[in-house]
Structure formats: structure tokens, C-alpha cells
Protein chains: 2
Amino acid sequence: MLAREHIDNLSALLGAGGLLTDRADMAGYEKGARYDSGRAAFVARPASVEAVSDVVGYCARHAIPLVPQSGNTGLVAGSTPDDSGTEGVLSLERLRSTFDLDVDNRSLRVDAGFRLSEINARLEPHGLFFPIDLGADPMAGGMVATNTGGARFLRFGDVRRNTLGLKVVLGDETGTIVDLGAGLRKDNTGVDWKQHFIGTSGAFGVVTECTFNLERLPQQTATAYLVPRAPEHVTALLNAMEEQLGTYLSAFEGMSGAAITRTLAHVEALRNPFPGGAVPDYVILAEVSRSWPRRESEQPLEAVLEEVLSEVWSHSDEPLADAFMGPPQEMWALRHALSEGVKSAGYVVGLDLSFARGGVMPFRARMSEMLAKEFPDVEVCDFGHVGDGGVHFNLVVQREADGSVDTARIDALRERVISMSVEQHGASFSAEHGLGRRNQHFYDRYTPHKLKSMAAQLKQAIAPGPLGSTRLG
Amino acid sequence: MLAREHIDNLSALLGAGGLLTDRADMAGYEKGARYDSGRAAFVARPASVEAVSDVVGYCARHAIPLVPQSGNTGLVAGSTPDDSGTEGVLSLERLRSTFDLDVDNRSLRVDAGFRLSEINARLEPHGLFFPIDLGADPMAGGMVATNTGGARFLRFGDVRRNTLGLKVVLGDETGTIVDLGAGLRKDNTGVDWKQHFIGTSGAFGVVTECTFNLERLPQQTATAYLVPRAPEHVTALLNAMEEQLGTYLSAFEGMSGAAITRTLAHVEALRNPFPGGAVPDYVILAEVSRSWPRRESEQPLEAVLEEVLSEVWSHSDEPLADAFMGPPQEMWALRHALSEGVKSAGYVVGLDLSFARGGVMPFRARMSEMLAKEFPDVEVCDFGHVGDGGVHFNLVVQREADGSVDTARIDALRERVISMSVEQHGASFSAEHGLGRRNQHFYDRYTPHKLKSMAAQLKQAIAPGPLGSTRLG
């Protein structure tokens, strides 16, 4: 329990409605999007960067642990308190004043508390969008803290690539406010400090304002499901598509037959798009898009994609067994439903891995062998961004009749797969979900000692306060 | 003069040919590409990362200042010694073993001593290239240390965006070797340490090996010179072109009429491409490119560009006064000759500035006014990457009859323009040339005290040795 004095002081700093301490009021901030839940000492809801600074500085001076939280949609317990009841939550949801669009610079300066969907709804009339395409609907601050990727990474990159500037409150005893980057696309005048706050889950400071690069909205889109001759031909298929389309390819998403089958069975609104209903072993959702309305002299994008597919079809490697074109909305609906569909199949051990692009399918094959031997009841329902080496390697475990699962066995399964992927296949154990309590032990194990010691020194130097859910040192 | 003992020890560490101390042998390493020259205590030429580590560690232990140098093509005196004669040069030119191409991952792991031209020549048979397009021909290590941009930044970004991994020797007493990133496109497992060594001129460590993203080579290219109705319409023209072409636009380069005129007069091989030879006030070189051979069903890219230009022509803002299409090679030849052409006109004060994209032309107009009043003899011969807010703001000052220039007046001119650009127009004083002795005083002046103090602490923590030409703290 936090001393009454601190509660009173924080409350005075934050003003009316700024501090929550009632258990019922705090419940929504204590539970994460999927797995995690804890117990907060308080929830601070500053409405300005100055108030963020006040709270962060106060907590640093009094060694009160503080976990920044914005949209709270993360999957690694990075934005919720642990169950000690000693950590405060710093919610950014009231930081919602700044929304400065610079059309000429194709950039947006936006407070941390705006959601991705809001940002894109407000940009739509200008024909622009923030090109991070996610199933979840995070807020700006959290997208930066986790460096999210998503389904159009292949064309537009991650949050890091699309961040032109940040305003940050450092985790020090004065809650120092620093402006890092003013929205310039080119600026090589020393350490690019904003990089420190991207993907580090708030360990060094609290992102209160972001300047993002914007892209023009797609106006033409064509999609196809591609069936590789076998999963090991996926990389050849990707290469063949890129040979014909280059950077014009905007998505190349992998979907396992198992994930598709589970999803079609669970989500009634979806139509089985495969001839005779026979779901292939592995399917690619490929997308091509253009950001202008079709000119009369231009072939429709569907015709372009059809022609490309016929060229890929006759490729010397013969990577393509079958292909179906269809309306983008319907094709993406299946892709976006996979996460929900897989969850319907049992308890999901979700792993967010990435590899060199050619490494995804060999890993997948190797895992199938291992699992068949060591965990024969586990079903692999993977999908993900194979065009950039990412895979959401979801392992479905059947629950007991009473709904329970054998947690020790699940830990052993997660441990086995992550250790093989990192140690033998050069994987990242967190491709795009960032760091939180849920994968802290993998960080501890796989980060070289020297880099942990550097992170500890850096933290001590710029943000010694107990900020964030992750221990980097 | 460095103590004989150190010379002997370094020589022993480096083996035969590894250490140069003869004045004649060192001359080439003491002089930069354009402005700078100094005096080296020695030139160390390690041929392996281990030897780099030995030299860096030895020099850190004995407080011997060391300036890393690779291609030595920079323009800010970042890779040459000062004139004290106490700094050693650490040349990376013998680091030339690793050249590992991963076609499936579209990535290249390459030692720091390979030149850009060599890298791209060896990649060409694979249809790939490292998409940094420069007038100079730097080595890999220096491109990272300065985070160069170039003429295709608009499509492909800078070196930072295209760096997937680095091997670095830290500037500490043991010359610690760290591997940062293994070529994964997505990896969010803590501090992205490689960012520290990009654009920081070797202050924290020596980049010995780089893993770069590759792109597919353009197979179709179409170019046009666009004449805006007036320079202030350039941004509207950029927006109109992007509306029609989106990210398919691969270059949007500005060229002042003065720079063009000087260049056409100087470079005989160039043909004046403008009707009647009348050079417009300002010209844009726009390029569209595709990375596949033209399919039969596709319009030639020239026809696409022509159609887009006619649409832009009828744009409601009427930003376009005239347009000329022509062969890409010839059109780029003029653009690439500008730097040489401007130099022929007199003494060049070259400033590498960047702005929010809409800010370039207002700055330019404001400077013309100021210069007409305060420096009426100065000719503005600017050109550059206006599509991403960059401008090489070159000011030509006439030399005296004996070839000399009034250096005090030149310093005053540089000071006036940079202070106005940074303080009143939010510019970066180094868009893509990085940091070196030549712009150190602007770094000292314009970097907030807090960020300098953070840089000093970071340096003390991870690289306390006297490494690099730049003082960040």
C-alpha cells in the first residue's frame, strides 16, 4: 500500500479526476488486452505534458514504480502493473490536445493519447494515413513504445521508420521534458535520441507526443490467395512476386491451413473461398496497391495482378500451385479473423517470432517434426508477415474438461520452441510485440551481458527512476 | 609527437604494412575530399575486426586520440585528423573480407572497407542494389557513420532505414566487439543499439561490418524537367506529383537556374536542354521508376509520366509552367554535374540544410532578400533533394585576383545563413553530411544542454576512449 501522503501529493499534482485509487475505477487499467492482469497502487491520468512531468518526477524522487499505459492493447504485459500492488499506472489517455497535420510535409504531430483508428479517420479526408496496419487499435504512445509493425510492413515499414520526432518525459527526478526531432526527414546532427524511446516500453521515458510520417491512402487494391507448391516454396514465391512487382507489393501474408480451417469453422460470416472447400496446407495473401484513382489508360490493378500471377506461374522454380483472386475486403476479412479463429480452438500459446526471410519455412518444418514427437497433441495454427520474416507462431493446446490447462506443460512448450528458434534458427523472440513482463525472462537470457550492462548504465544516466514494466539492465 | 614506444607497440599489434608513420605515406589520409586537411600521428590499417579491437583498446588505454576513416569522402572533416599531429587515423580500407549476400532476405553483410560502387557492381548480376544514390563513392563504414541520404531518399530512405545490423568495436579500453542485429527486419527485444553508431561519426565505436537492406534495381525509368510557375509553387507541384504517383515517384530534385547556368557554361559535354537555351529560374528533375522489365500490356513509363504531367498541368493550383521529358541518363548528367559546375564559379560556401518539406522555398526566398542586402556579391547556386526537405544551399563568393578569399567575411556569411535557417526556419544544419570538425561549433551551439550532457554520459558509459573527430558531450 502506498503511503497516504504520496496519494495526497499525487492527487494535488493532478487535480480533479486526475488520480484514481478506487479499486473499481482502476480495474480497467490493471488488465491487459489478452493475458496479463495485476494490481495498481494508483492510476495517474495527467492531461498535459507538464502534468506527466510532475508525476514522473515525483515518483522518481520517491522511488515509486510507474508503468506507462496508453491504449493498453499490447500482448506482452508491457503496460499493466504486476500483482504486488506497489506499481502505479501512468495513463496517457487524457493527452489528446495536439493534432497538427502538415500536409506539405506529409507529417502529423499528435499527442500520445489518440488511437490509431481516430488518427486515420481524421486523416482520411486528406487522402493520407499513418501506414501501420494492425488488428488492434493502440494509441500513438504505445505504438512507439512497442515499435509495432503490422501487415503493410513490407511496403511502409514499422513505427521506427515512420517516426520523425518525439516529445518525451525522461524518467529522472525532475521529469525532464525533451523535444527530439521537429519532423525533419533528414537531420544528422548528433545522437538520434528519439530512437531510445522506440521499442523500449517506457523504460527511459514517457512518450507524450509523436511526429509521424504519413503516406497516401491506397485508392486501388488487388488481392489474391496464392497456394505454394509446398510450404518450402514460399520464399521462392516471394522472390518471384518481388521480381515482378518490386516495392509495389504491399502485403505478403502467410496463413497456415490449420489456422484457416479453425477460423472458417468458428466465424460464420466467412465464406470458404477454396474450390470444393478444400483448404490448402499453406496460403499467401498477396496485395498490390496504388495510391491514386485508376487512370483510363491504366490496366485495372486486378488485370495487372492476374498477369503477374501468370508470369509467376511459369517461373522456372514453379513455386506456385494455385492462385485465386478475389475482392480485397473479403480476402482480408479471413486474414484478420485468424487471431479470433485460432483462439476458438483451445488455449493459444502465441509466439511473435521473426527470422531472416528465407528462414521462416525451414523453422516451421523443423518445429512440426519436433512437436509431432514431443508435443503430439499441440496444433500449429501459425500465420503472419512472412514477407518480412515475421510469423505469429501460435500453438493450440486443448483445455481440460473443466477449461483448465496444464501450465507447467505450457511453459515447457513455450520454452522449447523459443529456445530452438533463438538458439538454432537465429530468431528474434519478439518481432513486433516489444518487451514486457511476459517475455522479460527471454530478454534476460538472450541479451548479451555487455548490452545489458550498457542498458543499465544508459538508464542510470538518463532515467534512473523506476519507470516501465521492463528491466533492461 | 607520439612516444616511440606507442608506435612500436601499435606496429607490433598490426603487423607488416599495418602502421604508417612516414609523412609521404600518410598524406592521403590527412586530407579530406574537399575542405579539410590535418596532420596524423600515425595511420593504423587493421585488416580484421580483432586488429581494430586491438588498436582501439590500446589507444583508449593510453588516451591516444583516434579518428576512424573509411572512404574519406565526407564534407565535414569527420574522418581526418586535426592539425595538432597528435591524432591517429584508423583506416578501415583493409576490412574487405566479408561479402555475404542473402538473396532471399534481400540483405548483404559486408565489411566496412567496401566502396558503394563495388558493392553495387557485385550486386548487379542479382538484380539488386544498395539504394543510396550519391555523387561520392564512400565505403560502407563511413556511410553508416554519417547516415548519408542521397537522391533516391524519397523512395528508399537513408542509411539508417537500410541498416539491418552492425558489428562495432566500442571505444573502450578493451575495444569490445559487439554484434548488433543479425539482419532481421523485425526485432523488438530491447534497446536498438545499432542506432547509436549511425550518424555519430565514430564517437561511440568503429563500425567494422554492416548488414544492409537491398532493393531491386530499376529496370524502367522515366524522367522530366519540371518548371514550376514560380519557386514558391514547388511544394504544390510535389504534392500534385505525389497525388498522381504516390511512393512510385523515385526522385524529386530541385536545381536553381543559377546552378544550371554555371554548370552548362563549365561542363562542355552537357547540352542545354531548354528551348532557346533559356534556363528557367528553378527546375525540378522528377523521376519515376519500376524494378521490372516492361510487360507488353503496360504503357511505357514515359507515357505514364507524360499522362501524369498533363494531369498535373491542369491541377487547380496550376503549379506547373512547363515540362520537358528526356532520356534519364542525360537528365541526370546535368543534375550530377551541378556540384562541379558550381565550384567553377568561385569559392563555394556549401551548406547542407533540411527543412519541413514546405519550408525549403520560403527559406530560399527569405535568404535571397537578406543576401541582396547584406551580401550583394554572393550568388546562390542551390540544388538538392527538395522532395524530402533537403537543400544544398551553395553560396558562391568571387575570389580575389590572386585566388584568395576573405575568410572572415565567409565565416560571417556562413554564420548568418545557418543562424537564420536554424533559429528562424527550424532547419537542420546537417541534413545528410553528418558531423565533423567543420560543423562542431554549430553542434555545440544548437544542441540543447541536456542532450549534450546525456551524450557525454552515454559516451563515458560505453566508449570513454578519445575516439572520433566529433565531441558530442
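The values are calculated or read from the model by the stated rules, or taken from the named source; none is laboratory data. This structure is a prediction, so every number in the text was calculated from the model and none was measured. Counting neighbours? That spans all protein chains shown, and the Cβs are built from the backbone with ideal geometry, glycine included. Heads up: the accessible areas ignore ligands, DNA and RNA and are worked out on the full protein's heavy atoms, side chains in. Shrake-Rupley method; radii C 1.70, N 1.55, O 1.52, S 1.80 Å.
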>> Tell me yes or no: at least one residue of the range B:402-413 is surrounded by 17 or more Cβ atoms within 10 Å (Cβ to Cβ) and within 14 Å of chain A (Cβ to nearest Cβ).
In response: no
>> Name the single residue that is farthest from B:Asp158 (Cα to Cα) among those in the range B:242-268 being open to solvent by 40 Å² or more (accessible area, probe 1.4 Å) and in contact (Cβ under 8 Å) with a residue 24 or more places away in the chain.
In response: B:Ala265
> For the range B:200-220, does any single residue satisfy the condition of being within 7 Å of chain A (Cβ to nearest Cβ), open to solvent by less than 10 Å² (accessible area, probe 1.4 Å), of a type outside the set (Gly, Ala, Ser) and under 28 Å from B:Met139 (Cβ atoms)?
Replying inline: yes
> Mind checking whether some residue in the range A:330-342 is over 21 Å from the mean Cα position of the chain (by Cα), open to solvent by 20 Å² or more (accessible area, probe 1.4 Å) and among the polar types (S, T, N, Q)?
Replying inline: no
> Would you pick out the residues in the range B:129-178 that are among the acidic types (Asp, Glu) and either open to solvent by less than 20 Å² (accessible area, probe 1.4 Å) or within 11 Å of chain A (Cβ to nearest Cβ) (or both)?
Replying inline: B:Asp158, B:Asp172
> How many residues, within the range B:166-225, are among the small types (Gly, Ala, Ser) and within 19 Å of B:Thr148 (Cα to Cα)?
Replying inline: 5
> Would you say B:Glu287 is without any contact (Cβ under 8 Å) to a residue 40 or more places away in the chain and either of a type in the set (Asp, Glu) or away from every other protein chain (no Cβ under 14 Å) (or both)?
Replying inline: no
> Yes or no: A:Gly190 in a loop (DSSP other than H, G, I, E, B), more than 11 Å from chain B (Cβ to nearest Cβ) and open to solvent by less than 20 Å² (accessible area, probe 1.4 Å)?
Replying inline: no
> How about the range B:31-57: which of its residues are farther than 20 Å from B:Asp111 by Cβ and either buried (at least 21 other Cβ atoms within 10 Å of the Cβ) or among the polar types (S, T, N, Q) (or both)?
Replying inline: B:Gly32, B:Asp36, B:Ser37, B:Ala40, B:Ala41, B:Phe42
> Does A:Ala140 count as of a type in the set (Gly, Ala, Ser) and within 26 Å of A:Val178 (Cβ to Cβ)?
Replying inline: yes
> Restricting the search to the range B:339-362, which residues are under 25 Å from B:Asp406 (Cβ atoms), in a helix (DSSP H, G or I) and of a type outside the set (Lys, Arg)?
Replying inline: B:Ser339, B:Glu340, B:Gly341, B:Val342
> Going through the range A:414-456 one residue at a time, which ones are away from chain B (no Cβ under 14 Å), open to solvent by less than 50 Å² (accessible area, probe 1.4 Å) and more than 22 Å from B:Arg185 (Cα to Cα)?
Replying inline: A:Arg414
> For A:Gly465, which of the numbered conditions (1) within 14 Å of another protein chain (Cβ to nearest Cβ); (2) surrounded by 21 or more Cβ atoms within 10 Å (Cβ to Cβ); (3) assigned to a loop (DSSP other than H, G, I, E, B) fails to hold?
Replying inline: (1)
> Does B:Trp332 qualify as being at pLDDT below 95 and in contact with a strand residue (DSSP E or B) (Cβ under 8 Å, 6 or more places away or on another chain)?
Replying inline: no
> Can you tell me which residues in the range B:337-368 are basic (Lys, Arg) and without any contact (Cβ under 8 Å) to a residue 40 or more places away in the chain?
Replying inline: B:Lys343
> Which of the residues spanning the range B:33-66 are out of contact with any helix residue (DSSP H, G or I) (no Cβ under 9 Å at 6 or more places or on another chain) and within 15 Å of B:Val89 (Cβ to Cβ)?
Replying inline: B:Ala33, B:Val52, B:Val56
> Only one residue in A:Arg399, A:Arg471 is out of contact with any Pro (no Cβ under 8 Å at 6 or more places or on another chain), more than 14 Å from chain B (Cβ to nearest Cβ) and open to solvent by 10 Å² or more (accessible area, probe 1.4 Å). Which one?
Replying inline: A:Arg399
> Is it the case that A:Leu237 is more than 10 Å from chain B (Cβ to nearest Cβ), touching a residue at least 60 places away in the same chain (Cβ under 8 Å), buried (at least 21 other Cβ atoms within 10 Å of the Cβ) and in contact with a Pro (Cβ under 7 Å, 6 or more places away or on another chain)?
Replying inline: yes
